[in-house]
1. Amide H to amide H, which residues 5 or more places from L159 or on other chains are under 5 Å from it, using H placed in the peptide plane?
2. How far apart, in nm, are the 7 Å Cα→Cβ label points at S298 and V25?
3. For A272 and A148, what is the calculated FRET efficiency with R₀ set at 56 Å and r taken between the beta-carbons, to the nearest 0.05?
4. Heavy atoms only, 1.4 Å probe, whole protein assembly: order I141, I125 by accessible area, highest first.
5. Using mean Cβ contacts within 10 Å as the protection proxy, how do 168-176, 80-88 order, highest first?
6. Please give the Cα centre distance for the stretch 195-253 versus the stretch 70-88, rounded to the nearest Å.
7. Going by a ≥ b ≥ c, the root eigenvalues of the Cα gyration tensor, does the stretch 159-266 fall in the rounded group (a/c under 1.5), the prolate group (a/b larger than b/c) or the oblate group?
8. List the residues whose amide H sits under 5 Å from the amide H of C170, counting only those 5 or more places along or on another chain, with H placed 1.01 Å from N in the peptide plane.
Amino acid sequence: RDLEPLATLWEQLAMTNLADVNAHVETHLRACAHLQKCLLQESKWFITEMGPGPRHPHIILFRILPTKNLDIANFNLGTNELQEWIIAQNDLDHLLTGVQLGGVTGLFFQPFHPVSNAPASHEAIETAVGKIKAKIQSLLIAQQAQLALHALINDYPSLHLIDSKTIRGCVGVGAIRYVPPFRVPNHVTDSLNLKLAELLEEEHGKYFAPATAEPPSEEYPPQPCIVLRAAAGSTDLKATLELVVNTAQSMDLPKDVMDALSDAISKGIEEAEQKIQTHNDTAYHPITLVRKTPIIGSLLGYIFPSEEENPALGHSFDIGVPQTPSLKQQRPSNNSVMSEDKSSSIDPSSAQDKSSEGEVDGMRGDVAYQGN
């Protein structure tokens, strides 16, 4: 029974032309040698850890390691995760696949097509190595963009930076969360970010991906957010952030967000009406009317001076704060009018779209990223 595999092998060899077998082996070894050569030529960009060794030249199993200029921890990646990220896009055709041996993730080279059994050409091997190089270069560019993101994020009050360590998978340039300019419950903000991330990925999937940040404790739910992929590092980062804000302002809001806005506006109107009623009750109080009577009012004010002046008030409400502020009306001159509280109005359609889709398509990111 132990000889059955050998018998099967012998039968196959007997039916096979040994010259064809020799040519097949030689082609295999030449492809493996060419891959090793191409990988070692890119030592400026990454380090290749080869295995299992020179005694098995027909087996090409290797790992890509970063150089000292690239800190993959900035992207929430370890060595195993880096290999998974490299092959996640599936743009390496059939040549390279991911394997796991003893908890270690590596890349395995297949010099023959698994279906057609056609050998890999030198051009195909060089193209695959070039794609690996481009992926590493995109991380180097994104590493610089991370610093720029920290500096720019303060210019966008509606965008909050998320700690990359709270997100599973590659973060790329960074993770952000959109916070609307109106006060709503956290679950409404979550719904808004889910919708926004879905829309950005659908229209500009090369640069954006949805993600979820783990909460600091079990008391809080996970927070949906938006990841700027590594390819976004090659773009105009300011224009990319403006694209996020403009998309959020112009998109159709989810129903729960609209309900929260409606409640906030209704409460603001009710509060403003109550303040107006309180002011009117005070303005038409008998003592107040007597004080406004000529001569008698002046005499009453001289004997019993008013504790505070009570000018006419203008009322507004801001759905971003729970209180309704009062605006003292200045005495109008011929050329002056009462000032308006412009912060209380929300008009998404008035926001200028500074980053159209054409601009995003023209961004300089030439490296696609699919890992998350």
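1. V179
2. Label at S298, label at V25, 12.2 nm between them.
3. Details: r = 43 Å, r/R0 = 0.76.
Plugging the Cβ-Cβ distance into 1/(1 + (r/R0)^6) gives 0.85.
4. Numbers: I141 75, I125 0 Å².
Descending accessible area places them as I141, I125.
5. On the way: 168-176: 24.1, 80-88: 19.8.
Sorting 168-176, 80-88 by mean packing, highest first, produces 168-176, 80-88.
6. For the stretch 195-253 versus the stretch 70-88, the Cα centre distance is 20 Å.
7. On the way: a/c = 2.24, a/b = 1.31, b/c = 1.71.
In terms of gyration-tensor shape, oblate.
8. N372
The values are calculated or read from the model by the stated rules, or taken from the named source; none is laboratory data. Values in this document were obtained by computation on a predicted structure and should not be read as measured data. Reconstructed Cβ throughout: ideal geometry from the backbone, glycine too, with neighbour counts over all protein chains shown. In case anyone asks, the SASA skips ligands and DNA or RNA and just uses the protein heavy atoms, side chains included. Shrake-Rupley method; radii C 1.70, N 1.55, O 1.52, S 1.80 Å.
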